[in-house]
1. Which of the residues that make up segment B:180-213 are of a type outside the set (Val, Ile, Thr), assigned to a loop (DSSP other than H, G, I, E, B) and at pLDDT 90 or above?
2. Being at the interface with chain A (Cβ under 9 Å from one of its Cβ atoms) and of a type in the set (Val, Ile, Thr) is the filter here; which residues of segment B:88-98 pass it?
3. Answer yes if at least one residue in segment A:75-98 is farther than 29 Å from B:GLY83 by Cβ and either at pLDDT 95 or above or acidic (Asp, Glu) (or both), and no otherwise.
4. Identify the single condition in (1) of a type outside the set (A, V, I, L, M, F, W, C); (2) under 14 Å from A:ASN68 (Cα atoms); (3) outside any helix (DSSP H, G or I) that A:GLY144 does not satisfy, given that it satisfies every other one.
5. Among B:ARG174, B:ARG144, B:ARG217, B:ARG226, which is the only one that is free of Cβ contacts under 8 Å to residues at least 60 places away in the same chain and assigned to a strand (DSSP E or B)?
6. Any residue at all in segment A:93-105 that's part of a helix (DSSP H, G or I), without any contact (Cβ under 8 Å) to a residue 60 or more places away in the chain and out of contact with any Lys or Arg (no Cβ under 6 Å at 6 or more places or on another chain)?
7. I'd like the full set of residues that are at the interface with another protein chain (Cβ under 9 Å from one of its Cβ atoms) and assigned to a helix (DSSP H, G or I), limited to segment B:45-71.
8. Among the residues of segment A:157-211, write down those that are assigned to a loop (DSSP other than H, G, I, E, B) and either among the hydroxyl-bearing types (Ser, Thr, Tyr) or in contact (Cβ under 8 Å) with a residue 12 or more places away in the chain (or both).
Amino acid sequence: MAIDPRPWLALAGRCLAEGMLDWRNAFQRLLFQPLIYLLAFGGLLSPLGDVTRPAVVAPGIVTIVVMNAALAVVGGMMSTGYYFRVMEAWLLIPVSRGGFVAALVGGATAMATLAGIAAMVLIRLVLGLGPAQPGLALAAVVFGGAVFALVFVVGFTVPRTPDRAQDILSYVLLPMMFLGCTFYSWDSLAWPWNLLALAMPTTYLAEVLRATYAGVSGMSAMVLVPGAASVLALLGLAARQAFLRRFRDYPW
Amino acid sequence: MTGGAIVEAEGLAKTYPSGVTALDGVDLRVQPGEAVGILGANGAGKTTLIRILSTLMRPGSGRVRVFGLCGAAHGPRIRARLGVVSQDCTLDHSLTVRRNLGFHGAFHGMPRAAVRRRADELMAWLELGRYADTPIHALSGGTRRKVMLARALLTEPDLLVLDEPTTGLDPDSRAAVWARLRQCRDGGTTLVVSTHHRDEAEALCDRTALMEGGRLRAAAAEDIDRWFAGGGHGD
């Protein structure tokens with residue numbers, strides 16, 4: 001029997017709306033947050049580094065904005081679902097549990113992509129930097145958004161309730177933000193930090209963007225492509241399993 | 001099990017990880033167009049049964065089929081024909097009444113114009129029109145309950161599963177809701193209603209079953225009299 005995509009699309013749309021419930025929400029996600037990062041790392045700190053510094057930092061800013069947008073959608077849906085019990089109603093939508101995860105990740109990826117594009121436009125306006133290969137940069141942002149969404153689905157569904165996820169997420173977010181090549185390039189790292197950085201999804205997004213911005217990435221495609229594909233596949237499986245385990249029996 | 005029934009449950013049992021046994025060998029059979037009431041005190045296992053029938057939960061043991069389908073394998077197909085009013089408010093708090101209904105229709109693949117038409121009709125009937133653009137978090141408990149009912153009825157489901165549907169409503173609203181649900185039943189919709197109010201069961205249901213200690217048994221009027229006389233309703 002053919003699967004009706006409309007419920008799935010509507011659910012993905014609801015997830016996307018979680019990131020932009022009103023104009024204040026959208027302003028904060030799409031403009032304010034990237035502007036603060038730009039001000040801090042592009043404006044305040046760049047003069048302290050060498051001339052290539054903005055090109056190294058700009059992809060990191062896009063990476064963090066993409067990560068935070070995915071977090072806003074997945075975290076928002078899971079928290080709303082828990083605190084207001086809406087999850088009970090969402091689980092009654094005629095999509096499978098696997099389809100629910102796909103819609104959640106799809107909505108979060110769409111939001112992350114919008115935020116990433118907004119950040120790249122702001123970087124162009126403020127720092128005068130733009131990707132030499134916009135198509136590759138966009139593909140990287142979409143990939144990054146999907147990976148981060150999957151990470152957060154796992155992070156929010158492994159604990160019994162989302163309020164307990166905060167502790168786990170701090171162990172995930174901080175390393176990704178500061179050990180995952182956001183504000184420096186991978187080839188500037190010595191062993192074992194370069195190895196550790198490979199475990200961070202932020203590394204792959206930041207390095208691809210870095211390559212498209214200034215060609216300063218030291219990570220070869222031989223490492224990047226299989227690494228990125230492996231991260232995506234493993235996280236996809238983990239997210240599906242974690243969600244099924246949590247929601248086979250409605251727990252709240 | 002034989003075909004034809006909307007709900008067929010045999011030997012349903014459910015014990016939670018905490019060790020509490022919510023269901024202990026429940027059998028239930030509901031025919032198309034029938035309205036079945038499940039009376040029981042708080043904690044008797046009514047909500048667990050409702051959740052299993054709604055595909056939100058798997059039984060620990062036993063078999064359940066809704067529309068002739070097994071929930072584990074065909075959850076989306078069952079949910080597409082199901083309307084549920086849960087015991088708690090499960091509305092999307094950050095959205096308005098209209099957007100709640102709009103999203104619900106979209107989740108069920110309804111065309112936008114049909115959703116708008118049906119939502120307007122239901123809001124008019126439940127006197128929700130003036131709250132159409134009000135966020136759920138700004139509504140009273142009774143009004144939220146009405147929105148839950150409107151949401152459950154929006155898709156014109158074949159099976160309505162109602163867990164204490166009129167809790168928090170004033171007497172006039174309760175009577176109006178019962179009248180509407182009777183209309184649905186008369187139009188062929190199958191109803192499973194969990195309640196601990198005798199008047200609700202009598203107003204809506206063709207037959208009533210009593211749930212006690214995780215077991216369900218058919219109840220004649222005198223059984224229900226005895227049960228209420230014994231103070232078993234939990235109120």
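1. Going residue by residue through segment B:180-213, those that are of a type outside the set (Val, Ile, Thr) are B:180-188, B:191, B:194, B:196-207, B:209-213.
With assigned to a loop (DSSP other than H, G, I, E, B) added as a condition, the list becomes B:187-188, B:196-197, B:205-206, B:213.
B:GLY187, B:GLY188, B:CYS205, B:ASP206 - these are the residues of segment B:180-213 that are of a type outside the set (Val, Ile, Thr), assigned to a loop (DSSP other than H, G, I, E, B) and at pLDDT 90 or above.
2. Quick first cut of segment B:88-98, residues at the interface with chain A (Cβ under 9 Å from one of its Cβ atoms) only: B:88-95.
Answer for segment B:88-98, where residues must be at the interface with chain A (Cβ under 9 Å from one of its Cβ atoms) and of a type in the set (Val, Ile, Thr): just B:THR90.
3. Let us first name the residues in segment A:75-98 that are farther than 29 Å from B:GLY83 by Cβ, namely A:75.
Now restrict to residues that are either at pLDDT 95 or above or acidic (Asp, Glu) (or both): none.
No, segment A:75-98 has no match at all.
4. Here A:GLY144 meets the rest and fails (3).
5. On the way: B:ARG174 fails: assigned to a strand (DSSP E or B); B:ARG144 fails: assigned to a strand (DSSP E or B); B:ARG226 fails: assigned to a strand (DSSP E or B).
B:ARG217 is the lone residue from the list that is free of Cβ contacts under 8 Å to residues at least 60 places away in the same chain and assigned to a strand (DSSP E or B).
6. If we filter segment A:93-105 for residues that are part of a helix (DSSP H, G or I), which is where we start, we get A:97-105.
Those still in the list that are without any contact (Cβ under 8 Å) to a residue 60 or more places away in the chain too: none.
Looking for residues that are part of a helix (DSSP H, G or I), without any contact (Cβ under 8 Å) to a residue 60 or more places away in the chain and out of contact with any Lys or Arg (no Cβ under 6 Å at 6 or more places or on another chain), one finds none in segment A:93-105, hence no.
7. Listed by number, the list holds a single entry, B:ARG51.
8. Within segment A:157-211, A:VAL158, A:ARG160, A:THR161, A:GLY180, A:CYS181, A:THR182, A:PHE183, A:TYR184, A:SER185, A:LEU198, A:MET200 meet the criteria.
The values are calculated or read from the model by the stated rules, or taken from the named source; none is laboratory data. As the structure is a computational prediction, the values presented were derived from the model and not from experiment. Backbone-built Cβ (ideal geometry, glycine too); neighbour counts: all protein chains shown.
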